[in-house]
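To start, the structure itself, in structure tokens.
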Amino acid sequence: MSEEESWFGKVKYKVLEGKKGVREAYNCMANSYDHSKYLFWTRKLELAEERVVKKWIDGFLGICLDVGCGTGRYSLKIAEKGVEVVTSDFSLRMLKRLKLKAKSSGIFHRLSLVLADAEHLPFQENAFSSLICAFAFDHFENSDVAAMEFSRVLRDDSLCAISSFNSHTLGDFQRRYGLGDKAPFRTEDMSPTLICEVGHSGDELERMFSKYEFRVEDMKGCSYWHLFPKFQKYYPLKMDSFFNLFKGLLKYAEIHAVLMRKSTP
């Protein structure tokens, strides 16, 4: 594999701990995050995940909250559909990148940017009609508290879409490279860095969120690369639809995407 595909194999890492470390890393990556050659696998995972989640956000109505919005991968897509979006992230530089992209797309008037911690959302109860948290949930220091906050700010019958690294496959990757509970990141603006990332399988998300009045409406796996370890680079994303027919294969997916509905008994 080329350097941009396999850089994480034998490098010296800077280690950033906890919530402050995650914020520092994303602030450093913000300007090059969307186009860095070192995020080769991130881009492939995003494409696979979007095949599932883009269908779900068609059902988003009212005001949507994008938690851990980053540079706006989904905020922009949802706003383009005419939905008002509150974009929340605790990286100020990521929000600034999103602001620039939204202005250039002509949809900034549909966005409200908020610097916030997902475990302490600065919003009133029942403020939102939908919520998305894509590739951010695994960075939270206390994911159970974040799930409780999601429930608090969502109205009854609201949709909530979450994508997370599968704890089974992420754990396998972390053990193989001796990363502990960390994940490797690198861009042209940031040297190889480890930050906290703890995966959650779809079943783990279902158990966690069921405590806070959520029920699962759909669950999908994205990128079943572990079934073809020698051909990961060439794995065709359309195969996901076939493998998702077999629930027993879900543990081999790199990403688990879950659509839930908040429903008070």
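The values are calculated or read from the model by the stated rules, or taken from the named source; none is laboratory data. Because the structure is predicted, anything quoted here is derived from the model rather than measured. We place every Cβ from the backbone using ideal geometry, glycine too, and count neighbours over all the protein chains shown.
Select from segment 41-61 the residues that are of a type in the set (F, W, Y) and within 16 Å of the chain's Cα centre (by Cα) and write down the one among them that is nearest to K233 (Cα to Cα).
W41
On the basis of being of a type in the set (G, A, S), surrounded by fewer than 22 Cβ atoms within 10 Å (Cβ to Cβ) and within 18 Å of the chain's Cα centre (by Cα), does G171 make the cut?
Judged against the criteria, G171 is a match.
State all residues of segment 108-122 that are hydrophobic (A, V, I, L, M, F, W, C), in contact with a strand residue (DSSP E or B) (Cβ under 9 Å, 6 or more places away or on another chain) and surrounded by 15 or more Cβ atoms within 10 Å (Cβ to Cβ); if no residue qualifies, say none.
Of everything in segment 108-122, those that are hydrophobic (A, V, I, L, M, F, W, C), in contact with a strand residue (DSSP E or B) (Cβ under 9 Å, 6 or more places away or on another chain) and surrounded by 15 or more Cβ atoms within 10 Å (Cβ to Cβ) turn out to be L111, L113, V114, A116, A118, L121.
Going residue by residue through segment 7-26, is there one that turns out to be among the hydroxyl-bearing types (S, T, Y) and either within 19 Å of F140 (Cβ to Cβ) or within 19 Å of the chain's Cα centre (by Cα) (or both)?
yes
Inside segment 43-70, can you point out the residues that are in a loop (DSSP other than H, G, I, E, B), modelled with pLDDT of 95 or more and either of a type in the set (V, I, T) or surrounded by fewer than 19 Cβ atoms within 10 Å (Cβ to Cβ) (or both)?
I63 - this is the single residue of segment 43-70 that is in a loop (DSSP other than H, G, I, E, B), modelled with pLDDT of 95 or more and either of a type in the set (V, I, T) or surrounded by fewer than 19 Cβ atoms within 10 Å (Cβ to Cβ) (or both).
Taking only segment 74-95 into account, find how many residues are in a strand (DSSP E or B) and either touching a helix residue (DSSP H, G or I) at 6+ places or on another chain (Cβ under 6 Å) or loosely packed, with under 15 Cβ neighbours inside 10 Å (or both).
Residues in segment 74-95 being in a strand (DSSP E or B) and either touching a helix residue (DSSP H, G or I) at 6+ places or on another chain (Cβ under 6 Å) or loosely packed, with under 15 Cβ neighbours inside 10 Å (or both): 3 in total.
Would you please list the contacts, defined by Cβ atoms under 6 Å and residues six or more apart or on different chains, that run from a residue in segment 59-88 that is in contact (Cβ under 8 Å) with a residue 12 or more places away in the chain and within 17 Å of R155 (Cβ to Cβ) to a residue that is of a type in the set (D, E) and crowded, with 24+ Cβ neighbours inside 10 Å?
V85/D66
If you take the residues in segment 212-229 that are among the hydrophobic types (A, V, I, L, M, F, W, C) and part of a strand (DSSP E or B), which one is farthest from S151 (Cα to Cα)?
Taking the candidates together, the pick is C222.
Mind checking which pairs have a first residue in segment 156-185 that is among the charged types (D, E, K, R) and a second that is part of a helix (DSSP H, G or I), Cβ under 9 Å, 6 or more apart or different chains?
D172/H226; D181/Q174; K182/Q174
In segment 186-210, what count of residues is obtained for those that are surrounded by fewer than 21 Cβ atoms within 10 Å (Cβ to Cβ), within 16 Å of the chain's Cα centre (by Cα) and in a strand (DSSP E or B)?
Summing the residues that are surrounded by fewer than 21 Cβ atoms within 10 Å (Cβ to Cβ), within 16 Å of the chain's Cα centre (by Cα) and in a strand (DSSP E or B) in segment 186-210 gives 1.
Could you check segment 4-18 and list, in sequence order, the residues that are under 15 Å from T193 (Cβ atoms) and in a helix (DSSP H, G or I)?
The answer is G18, and nothing else.
Could you list all residues from segment 96-149 that are without any contact (Cβ under 8 Å) to a residue 12 or more places away in the chain, part of a helix (DSSP H, G or I) and not aromatic (F, W, Y)?
Of everything in segment 96-149, those that are without any contact (Cβ under 8 Å) to a residue 12 or more places away in the chain, part of a helix (DSSP H, G or I) and not aromatic (F, W, Y) turn out to be L100, K103, S104, H109.
If the Cβ limit is 7 Å and pairs must be 6+ apart or interchain, which residue in segment 10-27 that is farther than 17 Å from L39 by Cα pairs with which residue that is part of a loop (DSSP other than H, G, I, E, B) and of a type outside the set (S, T, Y)?
G18/E141; K19/E141; R23/F90; E24/L16
Give segment 210-265 a look and list any residue that's of a type in the set (V, I, T) and farther than 13 Å from V52 by Cβ, or say none.
Once the filter is applied, which keeps residues that are of a type in the set (V, I, T) and farther than 13 Å from V52 by Cβ, segment 210-265 yields V216, T264.
May I ask you to list the residues in segment 236-265 that are surrounded by 17 or more Cβ atoms within 10 Å (Cβ to Cβ) and of a type in the set (S, T, Y)?
Y252
F40 passes all but one of (1) part of a loop (DSSP other than H, G, I, E, B); (2) in contact with an Asp or Glu (Cβ under 7 Å, 6 or more places away or on another chain); (3) not hydroxyl-bearing (S, T, Y); which number fails?
Exception for F40: condition (1).
Identify the residue in segment 211-229 that is within 17 Å of the chain's Cα centre (by Cα) and of a type outside the set (S, T, Y) and, among all such residues, is farthest from Y38 (Cα to Cα).
For segment 211-229, the residue satisfying everything is D218.
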